[in-house]
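Computed from the coordinates by the stated procedures, all read-outs in this text should not be read as laboratory data. Please read these numbers as outputs of a predicted model, since none were measured by experiment. Cβ atoms come from the backbone with ideal geometry, glycine included; neighbour counts cover every protein chain shown.
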Amino acid sequence: MKSRFIVDVSVYPLSSLSMSKDISAEFTPGAIVSHGLRIGMANYFSLLGAMILWALTIWVPYINVGTTIAMATLPIAMGEGKKISPLEIFDPKYRQFMGEMFVQWGLKGMGLYMGMIFLFIPAIVLQLSWCLSELLIVDKQMNPAEALAESNKRMAGKKWIVFFGMLLTGLIIGAVGLILVLLVMGLINAAGGVNFFLGLLSFVAYFGFIVFAMAAGLGTKAYIYDTLK
């Protein structure tokens with residue numbers, strides 16, 4: 001029994017074991033915010049390109065399903081530190097998960113609806129419990145039921161940490177948005193009204209903020225998923 005234990009442990013490098021332990025120890029709301037923003041901002045321009053391509057092709061039947069699944073599961077590669085290509089969203093592999101994703105979204109929607117009937121708190125708990133299910137379907141090729149169960153298992157004991165991490169991220173996104181609004185409004189008031197330049201500036205600021213919010217959200221999810229593997 002002793003020798004078997006030694007062999008099993010030796011399969012894993014000591015550096016990998018210690019790294020996993022360190023990551024688990026620092027899984028806090030603050031770590032979720034800092035690492036999530038770092039991952040998101042590192043992929044900002046790639047996500048900008050992906051979002052533009054997604055918006056331009058959202059009207060194309062069937063293709064739009066694959067691109068939407070791709071956008072939702074980009075945190076898989078982001079968490080691994082891989083460079084994201086905007087053209088990645090057109091990879092045919094994402095369309096192969098159309099059925100599983102539809103079933104999973106349907107099951108999740110019904111569960112959340114039931115949670116809302118019981119005064120919303122159960123719905124919040126379920127949303128946190130199942131937040132990794134889309135990623136597990138694509139990354140681990142799980143069926144919808146397996147993905148929901150595995151997500152719930154990985155989130156066990158981590159829900160409050162993830163909740164406050166996401167809440168802090170949301171507050172930061174809101175603060176950045178408020179600052180941008182105040183700056184643009186200040187410029188408009190100083191100019192005595194909206195002109196072409198300020199209109200263009202407002203559009204760029206708004207679109208840039210939308211991408212920032214998306215990058216922060218996906219980066220946060222990427223860190224959570226990669227840490228809880």
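Using the per-residue mean of other Cβ atoms lying within 10 Å as a proxy for protection, in what order, highest first, do the peptides 210-219, 138-147 fall? Don't skip to the end; give the middle numbers.
Details: 210-219: 20.6, 138-147: 17.2.
Packing order, densest peptide first, comes out as 210-219, 138-147.
Hey, which of these cross-link pairs are over 23 Å Cα-Cα: Lys108/Lys159; Lys82/Lys158; Lys108/Lys153; Lys108/Lys229; Lys140/Lys221; Lys108/Lys221?
Violating the 23 Å limit, Cα to Cα: Lys82/Lys158.
Pairs of alpha-carbon atoms within less than 8 angstrom and 6+ residues apart define the contacts here; what relative contact order does region 28-227 have, in percent?
38
What do you get for the angle between helix 44-57 and the principal long axis of the chain? Use alpha-carbon atoms, 0 to 90 degrees, nearest ten.
It is inclined by approximately 80 degrees.
Please give, to one decimal in nm, the separation of the simple spin-label points placed at Tyr62 and Ile210, each 7 Å out from Cα toward the Cβ.
2.8
If I model a spin label as a point 7 Å beyond the Cα along the Cα-Cβ vector, how far apart are those points for Leu183 and Ser34 in nm?
It works out to 2.5 nm between the two label points.
By how many degrees, between 0 and 90 and to the nearest 10, does the Cα long axis of helix 14-25 differ from the longest principal axis of the chain?
The angle comes out near 60 degrees.
Compute the long axis of helix 63-73 from its Cα atoms, compare it with the longest principal axis of the Cα atoms of the chain, and write down the angle in degrees, 0 to 90, nearest 10.
The answer is roughly 70 degrees.
Within 15 Å, Cβ to Cβ, of Leu107, how many net charges do the neighbouring residues add up to if Lys/Arg are +1 and Asp/Glu are -1?
Net charge in that neighbourhood comes out at -3.
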